[in-house]
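Beneath this line is the structure, given in structure tokens, with notes to follow.
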Amino acid sequence: MADDSFLNDLPKQYDHAAAQEKWYPFWEEQGYFHSEPNPDRKPYTIVIPPPNVTGALHLGHALNNTLQDILIRQKRMQGFETLWMPGTDHAGIATQAVVEKRLFLDEKKTRHELGREGLVARIWQWKDAYEKRILGQLKEMGCSCDWQRTRFTLDPVCARAVRHTFFSLFKEKLIYRGNRLVNWDTHLQTAVADDEVFHETVPGHFWHFRYPVIDLEPGEPTHVTIATTRPETMLGDTAVAVHPDPETTLEGVIAGLKDRLASAPAKEKPDLEKELAAAEKRRETHLPLLIQLRDMAKAGRKLMLPLVNREIPLVADEWAKPELGSGCVKITPAHDPNDYEVGLRCALPMVNILNPEGTLNANAGPYEGMTILDARKAVVASLEEQGLMMEVEDRIIELAHSDRSKTPIEPYLADQWFVKMDHLAQTAMDAVTDHRVRIIPERYTKTYLDWLREKRDWPVSRQLWWGHQIPIWYCATATEKELEAAFAGRDDVVWYRDEEQDQWLICVEEEDLAEDAVPGHTLTREQDVLDTWFSSALWPHSTLGWPEENEALKYYYPTSVLITSRDIISLWVARMVLAGLHNCGEVPFPDVYIHPKILDGYGEGMSKSKGNGVDPIDVMEKFGADSMRFGLAYITTESQDVRMPVEFECPHCQALIEQTKKNRVQPRVKCKKCDGEFSTQWAEKPEDKALPRGPVVSERFEFARNFCNKLWNASRFALMNLEGYVPGPVPEEDLTVEDRWILSRLATVTAQVTDALAAYKYADAARTVYDFAWNEFCSFFVEMVKTRLQEETSRPVAQRVLAHTLDTILRLLHPMIPFLTEEVWQMLGKIAPQRGIAALCDAAPSIMVAPWPEADTERQDDQIEAQFACFQDVLKAVREIRSRQNVPPKKEIEFSVRCEASYADLVRPLEPYFLSLATARATGWGPEIAAPALSANVTLTGVEVFVDLADLIDVEAEITRKEDEVGKLEKLVAGKKGKLANANFVERAPEAVVQKERDALADLESQLAAAQSVLEKLRDRK
RNA sequence: GGGCGAUUAGCUCAGUUGGUUAGAGCGCUGCACUCACAUUGCAGAGGUCACUGGUUCAAAUCCAGUAUCGCCCACCA
């Protein structure tokens, strides 16, 4: 006898917190998350996109990880040996920046006061704290990662992979060092990548000033005028450029404008005309001067750079646009990307005027030591003093800022390390074009290929302390012979001569080199660390222990799918593909699924800096992990990003306060309902921090919470009614119509959910099972089974079908709703340990390891489904009449149905259910049924439902309703008639479509006739 | 500047290869709480599918253009 005492204590509402606390540790103890290579099963592997240890997870992470766990759990149930590899990313610059910021805020200390070791130790502490928090959040979400394999991009296993990769790229000469212009973050004192730079518009000025011409000859201009938004950079100017062919270029511009004007729409013409007039005027005013200057440039003439009194050449270069400004442009190769290119083309010296921390260096002469802004003021003042300053315009400037420190970026010349991309990029492109890697949705392949096509070399060095230090040692003094002697017999050391710097670059594969590794010489190690993406690029194989040849790597690599967001397709996905191909000779994954982005109610991305970010922990506390997961899966459609309006929840009265662009950046917000105040993430002052915190939540998860609760209660009903359950096969003839209907639908739904998940159609899977569980299982099957459970004879079969159907629904939902399904599974196992209709199965000890349902296609029965649909139609008609006639719920009514005899035969077996589902009793079925004298009526296709309510009926209401119905039907009939009267349609449309329309017309006409006849009767009786 | 995507009910979204009277959830209206569930049930109202053209017997769906919004990439002395 099963112990079912727990049934008395089941709460009416699903207690998500209790279930989560109970089952996650259980799964862990059972070792279900852990995977080992198993030759008897196929592997299914996902590596987590490692979250940055900079902070806690946000809702985007919750979505990303939910989608991964859904696949992992499903595949595990399908019998794959599943590995979900978890881990975190050290996120070099981002993490160092937050820790430095904290250090300064809390202790007023800079990293220089702590030193490299001290700071790195602090960052490890930070990492430990946040890694714990991140992994904790994943566990709370129910993620079934193999925690025993947890990796960190900076741990020894990953470090070894980084060293080996760097070494082999260096050996193949795919890594080089060069003096290049980089985006310099003067605050963090490091180069940052292009993608770590954002632009912000700020008000600024556009200064026009002039440089004197040296050795002036008669008829020549005394000065050359140039303009800039950054006048202090003139200290680093090494030339002024003018276009080599201003005549043709200007003519070209004018011709182009004329062409455009000819074909432009009227509303753009005035602007174009203005532009053309300006260009033509310029031909008169500027061109002669530009030609003269060009000739002077070709003659090698020089200008005097004021303030620092340096002679600089006038050069001819196409970068100077004759149609813009004065037509001349100052060239500062060390501090501007375009000027840098000009500098290379014209072999100009590159004068760096900046110190790493953003002050001016000795090259700036009298301005040495000043900050950029101070120098700017001083330079402007000096130029004015010397009468060289012309006009000053106000101008809005798009200023580059560092994403990490939020301070302005300075273009800066520095020694940097690069990975040569031409060949590597090509391999990554080929992998996608020949479909070894498939990107889903497909449109993102364009993003991927477009970026790779540029094949821009990848700058991989960062002047940071937190990261993989570049394994290069420098030696300027040794000879090649000495190196050969020192590293004789070692194939883990290679060296090249750096001609630019006149020194040896020595790279070693694994062990660090000692200072005195080359006798008689001192080696110094490169201080820079590698770009974070360098280690992330190796993630799919480094986590499996590469370069070590081990069983896990062989078994799990390549992984099965990568699930990520679109903003890192180029940064990460492309680099993983090329690194995987380079290191392992195989793509890292055959599929890349790009999921939607979660936006707020204004259509903006969520971020901490906007204050609209939702913390998954808050969502789970309010709705439960199951609801969050289901809600996220439900919105994951292929086509679209998703808007999720967010609200503050008042901690005093739980009222929801709409988030506006205004209040979401305030440190405190007042509740509109209870007037209580609460703090937000912006609270910094003690008086704000003292207030209770108002979490940012979204009501979008409510429907999922309701669904979970519905399931919980349906399960509760089933459990409470399985008393005396005896397992056993059910003979086919014992199945009722509703049994066969639900089993048919169950087979279809099982197939649909399985197919949807295989195609990454999460929303389809979620919607399908939601509709089935709620609208078919709960609303019909459970309701209908109630009466059968009351009777001894029908009870056993009813119980078996009920248990089996619930069992299958639970398994279909488990990947999305893991905790609730396990909770019910365990209870169901106690009462009904063996389940099934034809063949019996012992319930698995956990739903996590239960087999994924197979669609029982033999049970799919269109006829039964059609029969059931008829029943549902009539039931709905009866309910509608009840409702619109305001019949009290407990009052029993009678109805009759005029229909074909065959229709009557279909529905009659289900006749008793009209009583339990609509408190209604059928008095007659068939073609001979006559309309009662006074009736409420619903007309269906070939079917009329009558309720004789004699003196209770609200005749007036029925007349109005019927009139509306007749009007509507008349319109439809007219529409159809028109369509069929169109010879074109009848001739050209496929016969089947035409026939369909004819049938529809006939049907509508009969409905109309029926409705009219009822209406007439009602009018007569009035 | 280049590319990608979106625009369907008050809100958030579905809508297969063009083909019945365009759907769901929330919200709204009415009715109903001993009987699994009020986080519920039953019923109802609510849409010129952004706009303008085109293709077609037939367009929410295909094509072109316009408008608005979002995202990515590049660039701006």
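Structure notes:
- In the stretch A:758-817, GluC sites (Glu not before Pro) in a DSSP loop with at most 15 other beta-carbon atoms within 10 Å: A:GLU791, A:GLU792
- For the stretch A:549-601, average projected area of the Cα convex hull in nm²: 4.4 nm²
- Projecting the Cα positions of A:THR636, A:VAL669, A:LEU154 onto the charge dipole of chain A (unit charges on Cβ atoms of Lys, Arg, Asp and Glu, taken about the Cα centre) puts A:VAL669 furthest along the positive direction.
- For the stretch A:153-245, the ratio of Cα radius of gyration to the globular rule of thumb 2.2 N^0.38 Å stands at 1.85.
- Extended-chain gain in nm, criterion 0.36 nm per residue less alpha-carbon gap, A:LYS662 and A:LYS171: 171.2 nm
- J(HN,Hα) series, the stretch A:540-547, from Karplus relation 6.51 cos²θ - 1.76 cosθ + 1.60, nearest Hz, glycine and proline x: x, 10, 5, 5, 9, x, 3, x
- Take the Kirkwood radius over Cα pairs of the stretch A:766-881, plug it into Stokes-Einstein at 37 °C and 0.692 mPa s, and you get 208 µm²/s for translational diffusion.
- The length gained by stretching the chain between A:GLN834 and A:LYS481 to full extension, at 0.36 nm per residue less their Cα-Cα distance, is 119.2 nm.
- Order of A:ASP641, A:ASP964 - criterion: other Cβ atoms within 10 Å of each residue's Cβ, fewest first: A:ASP964, A:ASP641
- Per residue, the average separation of C-alpha pairs within less than 8 Å and at least 6 apart gives the stretch A:617-748 a relative contact order of 25 percent.
- The value for the stretch A:1-145 of Rg(Cα) / (2.2 N^0.38 Å) is 1.41.
- The magnitude of the dipole of chain A, with charges of +1 and -1 set on the Cβ of Lys/Arg and Asp/Glu and taken from the Cα centre, is near 1940 debye.
- Residue order, fewest to most beta carbons within 10 Å, for A:TRP147, A:TRP473: A:TRP147, A:TRP473
- For the stretch A:701-832, with +1 on Lys and Arg beta carbons and -1 on Asp and Glu, the positive-most of A:SER744, A:TYR762, A:PHE781 along the dipole: A:TYR762
- Length-normalised contact order for chain A - Cα pairs under 8 Å, 6+ apart - percent: 12 percent
- Cα-centred dipole magnitude for the stretch A:547-612, charges only on beta-carbon of K, R (+1) and D, E (-1), debye, nearest 20: 340 debye
- Taking other Cβ atoms within 10 Å as a rough exposure proxy, A:ASP591, A:ASP764, A:ASP498, A:ASP450 sort from fewest to most as A:ASP450, A:ASP591, A:ASP498, A:ASP764.
- Value of Rg/Rh across the stretch A:937-1022 [Cα atoms, Kirkwood radius]: 1.12
- Rounded to the nearest 20, the size of the Cβ-charge dipole of the stretch A:488-551 about its Cα centre is 40 debye, with Lys and Arg at +1 and Asp and Glu at -1.
- Among the trypsin sites (Lys or Arg not before Pro) in the stretch A:1-87, those placed in a DSSP loop whose Cβ has at most 16 other Cβ atoms within 10 Å are A:LYS12, A:ARG41.
- An ellipsoid equivalent to the stretch A:321-476, defined through the eigenvalues of its Cα gyration tensor, has semi-axes of 39, 23, 17 Å when rounded to whole angstrom and sorted largest first.
- Residue-count net charge about A:LEU287 - beta-carbon cut-off 14 Å; Lys, Arg +1, Asp, Glu -1: -2
- The stretch A:593-683: GluC sites (Glu not before Pro) in DSSP coil with no more than 12 other Cβ atoms inside 10 Å: A:GLU604
- Globularity index of the stretch A:598-684, i.e. its alpha-carbon radius of gyration over 2.2 N^0.38 Å: 1.15
- Descending principal axes extents, chain A, alpha-carbon based, whole Å: 118, 74, 65
- Residue-averaged 222 nm ellipticity for chain A, from DSSP H runs of 4+ at -39500 (n - 2.57), nearest 500: -13500 deg cm²/dmol
- Amide H contacts of A:ILE397 (H built 1.01 Å from N, under 5 Å, at least 5 apart or other chain): A:VAL202, A:GLY204
- Residue-wise HN-Hα couplings along the stretch A:184-191, as the Karplus relation 6.51 cos²θ - 1.76 cosθ + 1.60 with θ = phi - 60° gives them from phi, are 9, 8, 6, 6, 8, 6, 8, 6 Hz; Gly and Pro carry x.
- Dimensionless Rg/Rh of the stretch A:818-862 - Kirkwood Rh, Rg from C-alpha atoms: 1.03
- For A:LEU354, the residues whose modelled amide H falls within less than 5 Å of its own, excluding neighbours fewer than 5 places apart on the same chain, are A:ASN361.
- Cβ-derived FRET efficiency at R0 51 Å, A:ASP755 paired with A:LEU344, nearest 0.05: 0.35
- Its Kirkwood hydrodynamic radius, worked out from the mean inverse distance over all distinct Cα pairs, puts the stretch A:241-375 at 17.2 Å.
- The 3J(HN,Hα) values that the Karplus relation (6.51, -1.76, 1.60; θ = phi - 60°) gives for the stretch A:148-154 are, in residue order, 5, 9, 3, 10, 9, 4, 10 Hz. Gly and Pro appear as x.
- Projecting the Cα atoms of A:VAL797, A:LEU840, A:ILE331 onto the dipole axis of chain A, where Lys and Arg carry +1 and Asp and Glu carry -1 at the beta carbon, places A:VAL797 farthest toward the positive end.
A short reminder: the numbers here are calculations on the coordinates, not readings from a lab. Everything numeric here is computed off the predicted structure, so don't read it as measured data. Note that each Cβ is placed from the backbone with ideal geometry, even for glycine, and that neighbours are counted across all protein chains shown.
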